[in-house]
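The values are calculated or read from the model by the stated rules, or taken from the named source; none is laboratory data. Note that the coordinates shown come from a computational prediction; the quantities given were computed from them, not determined experimentally. Note: ideal-geometry Cβ built from the backbone for every residue, glycine included; neighbour counts use all protein chains shown. Side chains included, ligands, DNA and RNA excluded: accessible areas come from the protein's heavy atoms. Shrake-Rupley method; radii C 1.70, N 1.55, O 1.52, S 1.80 Å.
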Amino acid sequence: MKILGTGSALPKKVVSNDDLALVMDTSDEWISTRTGIRKRHIAVEETTTSLAVEAAKKALDEAKVSIDELDLIIAATVSSDYIYPTLACEVQAAIGAKNATAFDISAGCSGFLFALSTADAYFRTGRFHNALIMGAETLSKMMDWSDRSTCVLFGDGAGAAVVSAEGNQLLGMVQGSDGASGMALKCDNRPVNNLYHQMGTQTYSYTEMDGRAVYKFAVRTVPNAIGEVLEQAKVPVEDIKYFLLHQANLRIIESVAKRLGQPMEKFPTILEDCGNISAASVPILLDKVRKDGMINQGDKIVMAGFGAGLTWGACVIEW
Ligand code: COA
């Protein structure tokens, strides 16, 4: 497969740590020293669909793939606007991609990696040729804004890539899940509730996280996954130009860099300005490094995600 174009979209409203400190018991010092996050974009007029559509249109413009040629649309999200129809189907309708099969993937912050892997697997059947893959979230609506330990970490946005079955950019891919540890990061759906059985009251649920457990999971799993995918791709770690990691916490990224013995200059970040945007973090970062002219033909990059499930994924791409 080959990435033909990328795009991203962020809500207009920017909320700094100082802005949050005006409305809750927190501080720029607490948030930035523990996470590296200084601000985040929060949806006011935007929705998950509108952000995904904006990112998708930019990726399609760059890819120069006609709408009729798109035969696959995969959206990775945990915060679609509807339980159904899916975000992918909403985007399909908005861009008029009538020939595409469209569906969502729910794999938390690993979602974009899972979408890329799924597109690659579909391509290998020979039945699909051009895919639009996206990570798009409005996590702000899933936060308990009275829980300062979670709501300060997350933001909203979308990233997209158009990928084609032609080409051999993908040198390796690993994925994994640990459902047994899944309750460390969760958001309840509606409980069973009908005429015959009621398990709870119908209330909105919000993100709940055991931050320390997720932190430990990330610093253990991500370097292992990257080591595994580099071995699979037969690429020495020194040959990787950039490691595009899920943007959850600067300390996690620093720990991964240390474990891999690689300098922080190889780990570009957007979390200072965006916070954690779950499935959208990696594609937004990919779009940024490309648009900043940081990737040239022949460069090898690693992308890696980790998060709810618990799940993880890592790939090596040669540009
Ligand atoms: N502002 C000020 N104080 C806060 C706060 C906030 N926004 N959030 C929590 N605190 C307080 C807590 O109440 C607690 O106080 P107490 O000790 O009096 O009970 C204290 O800060 C906890 O601080 P600390 O133990 O230093 O937290 P930490 O080092 O574990 O950092 C996280 C917390 C969430 C930043 C960290 O665990 C983390 O980043 N985990 C990974 C989360 C993640 O990446 N999730 C997404 C994965 S996809």
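Could you state the accessible area per residue of region 62-157 in Å², with a 1.4 Å probe and every protein chain left in place?
Normalised by residue count, the accessible surface of region 62-157 is 39 Å².
Which whole-number value in Å³ per residue fits the convex hull of the alpha carbons of region 123-169?
In region 123-169, the Cα hull volume divided by residue count equals 113 Å³.
Cα centroid distance between region 266-308 and region 79-100, in Å?
So the separation of the two Cα centres works out to 24 Å.
Which whole-number percent is the relative contact order of region 1-69 (Cα, under 8 Å, 6+ apart)?
50
What is the P(r) of the chain, as percent of Cα-Cα pairs per 20 Å bin from 0?
35, 58, 7, 0
Using C-alpha positions alone, give me the convex hull volume of region 175-319 per residue in cubic angstrom.
134
Which helices count as membrane-span-like in the chain under these terms: full DSSP H, at least 30 Å along the axis by C-alpha, Kyte-Doolittle mean of -0.5 or more?
Counting only whole DSSP H runs, the qualifying helices are 211-233.
Any idea what the alpha-carbon Rg over 2.2 N^0.38 Å comes to for region 23-71?
1.86
Could you state the orientation-averaged shadow area of the convex hull built on the Cα atoms of region 212-285, in nm² to one decimal?
Its Cα hull, projected and averaged over all orientations, spans 4.9 nm².
By the gyration tensor of its Cα atoms, with a ≥ b ≥ c the square roots of the eigenvalues, what is the shape of region 9-104: rounded for a/c under 1.5, prolate for a/b over b/c, or oblate?
Prolate shape, in that a/c is at least 1.5 and a/b is the bigger ratio.
Express the Stokes-Einstein translational diffusion coefficient of region 71-118 in µm² s⁻¹, to the nearest whole number, given a Kirkwood radius over alpha-carbon pairs, 10 °C and a viscosity of 1.306 mPa s.
148
Modelling each spin label as a point 7 Å along the Cα-to-Cβ direction, I'd like the residue 178/residue 258 distance in nm, to one decimal.
Rounded to a tenth, the inter-label distance reads 1.9 nm.
In region 135-163, whose amide N lies under 19 Å from the spot 7 Å out along Cα-to-Cβ of residue 64? List them in ranges.
Flagged as within label range: 161-163.
In region 39-143, which trypsin sites (Lys or Arg not before Pro) fall in coil by DSSP and have 16 or fewer other Cβ atoms within 10 Å?
Those satisfying the criteria are 64, 98, 127.
Please give the contour-minus-distance gain from residue 99 to residue 84: 0.36 nm per residue of separation, less the Cα-Cα distance, rounded to one decimal in nm.
3.4 nm is the gain from fully extending residue 99 to residue 84.
If I take every Cα pair under 8 Å that is 6 or more residues apart in region 42-154, average their sequence separation and divide by the length, what percent do I get for the relative contact order?
Dividing the mean separation by the residue count of region 42-154 yields 34 percent.
So, in nm, how far is label residue 299 from label residue 197 when the simple model puts each one 7 Å beyond its Cα toward the Cβ?
My value for the distance between the label points is 5.3 nm.
Between residue 32 and residue 190, how many nm apart are label points set 7 Å from Cα along the C-beta direction?
The answer from the label model is 4.4 nm.
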